[in-house]
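S.K.: Can you keep this structure in mind? I'll have questions shortly.
The values are calculated or read from the model by the stated rules, or taken from the named source; none is laboratory data. Note that the structure is predicted; figures quoted are calculated from it, not measured. All Cβ positions, even for glycine, are placed from backbone atoms using ideal geometry, and neighbour counts span all protein chains on display. These accessible areas exclude ligands, DNA and RNA; they are computed on the full protein's heavy atoms, side chains included. Shrake-Rupley method; radii C 1.70, N 1.55, O 1.52, S 1.80 Å.
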Amino acid sequence: MSKVDLHIHTSASDGKYSAAEIVRKAWEAGLTHIAICDHDSIDGIMPALEAAKEFPGLTVIPGVEINTDIPAGEMHVLGYLFEYQNQELHDHLIRLRNSRVERARKMIGKLRGLGVKIDYERVEELAAGGSLGRPHIAQALLERGYVNNFREAFIKYIGRGSPAYIERDKITPVEAVKLIVRAGGTPVLAHPFTSENYEQLITKLIPAGLLGLEAYYNNYTPEQVQDILRVATGHNLIVTGGSDYHGLEGLNEPPLGSVEVPLETVNGLLSLAQQLNKSRL
């Protein structure tokens, strides 16, 4: 098991467990460094930092995962070690989360038109006050027996190109990178192979302030990891990694801390953040 997991979700977005529960699970798994990276939400950061006081030897790194759109689909941008009380970032994430609510309502309306009846109130309950997302709709579909697992829910109903899919409020990767930079953070492109040509994409993101690539990730082959490491070295970018853990059954995701992330990734991230803070003084 790895000692590092820099990509974890809590119930502040679409994860199953609260920030405090994640911290406890991470400590029980023997992790020494974790990052809370909820979708379009930073509400899990403070509870995680507070909970970590009870677990010596475990460091919690503030993070966020911003969902963005590209012509061929969507890409996610991770942000680390930003000023998590930054008002601009806070306001922007609230707008994105509000758009998720409207999107969910429209998706549920489309599902009803297909004869698939789930209640928005139940989806809202499943979100438990966190950033509402498609996994909560998938969970409601599973509860009602319309699908056998989460993957089927996305393929059959709510994935891109499926009959109940609705586009969300869009933000580009460049805009997300700039937003994280303005909040004093370190932007990193999440799971780069989501894009068919991530090398071409980062040529637009580096001028905006991109500083890293997520090299170690769920199901990435050694060849893919080496490709990302090559590109990162060529562009003088740091690398990070994590499990993208949500704690939701049926997503075929690895357990917390199961993606082997070298400790030097944390050292590189913390060192870069320190350099950036000095340069901004």
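S.K.: 222 nm [θ] for the chain, helices only, -39500 (n - 2.57) per DSSP H run of 4+, per residue, to 500? Walk me through the numbers before you get to the answer.
M.R.: Details: 10 runs with 116 residues, N = 281.
Mean residue ellipticity, 222 nm, calculated: -12500 deg cm²/dmol.
S.K.: Distance from the Cα centre of region 67-87 to that of region 143-198, in angstrom?
M.R.: When both Cα centres are located, 11 Å separates them.
S.K.: Follow-up question, since we're still on this one. What whole-number value in Å² describes the accessible area per residue of the chain for a 1.4 Å probe? Spell out each step's value before the answer.
M.R.: Numbers: 12490 Å² over 281 residues.
The answer is 44 Å² per residue.
S.K.: What fraction of the Cα pairs in the chain, stated in percent, has a spacing above 24 angstrom? Before the final figure, lay out each step's value.
M.R.: On the way: 19050 of 39340 pairs.
For the chain, the share of Cα pairs beyond 24 Å comes to 48 percent.
S.K.: If the limit is 22 Å between Cα atoms, which of LYS16/LYS170; LYS178/LYS204; LYS3/LYS204 go over it?
M.R.: Values: LYS16/LYS170 25 Å; LYS178/LYS204 12 Å; LYS3/LYS204 33 Å.
LYS16/LYS170; LYS3/LYS204, as the Cα separations exceed 22 Å there.
S.K.: While we're here: Kindly identify region 105-161 as rounded, prolate or oblate by the Cα gyration tensor criterion: order the square roots of the eigenvalues as a ≥ b ≥ c, call it rounded if a/c is under 1.5, otherwise compare a/b with b/c, prolate if a/b is larger, else oblate.
M.R.: Numbers: a/c = 1.44, a/b = 1.28, b/c = 1.13.
The shape class here is rounded.
S.K.: Putting +1 on Lys and Arg Cβ atoms and -1 on Asp and Glu Cβ atoms, find which of GLY145, PRO163, ASN277 reaches farthest to the positive end of the dipole of region 139-281.
M.R.: Comparing the listed Cα positions along the dipole, ASN277 ranks first.
S.K.: A follow-up question, please. Please report, in debye to the nearest 20, how large the charge dipole of region 88-201 is about its Cα centre when each Lys and Arg carries +1 at its beta carbon and each Asp and Glu carries -1 there. Walk me through the intermediate numbers first.
M.R.: Numbers: 19 positive and 14 negative charges, 71 e Å.
Here region 88-201 has a charge dipole of around 340 debye.
S.K.: With the Cα gyration tensor of region 154-233 giving a ≥ b ≥ c as the square roots of its eigenvalues, does the rule (a/c under 1.5 for rounded; else a/b larger than b/c for prolate; else oblate) give rounded, prolate or oblate? Show your work: numbers first, answer last.
M.R.: Working: a/c = 2.38, a/b = 1.23, b/c = 1.94.
Because a/c hits 1.5 or more and a/b fails to exceed b/c, region 154-233 counts as oblate.
S.K.: Let me ask you something else. Could you check how much of the accessible area of the chain is carbon and sulfur, as a whole percent, using a 1.4 Å probe?
M.R.: Numbers: 6320 of 12490 Å².
Carbon with sulfur: 51 percent of the solvent-accessible area.
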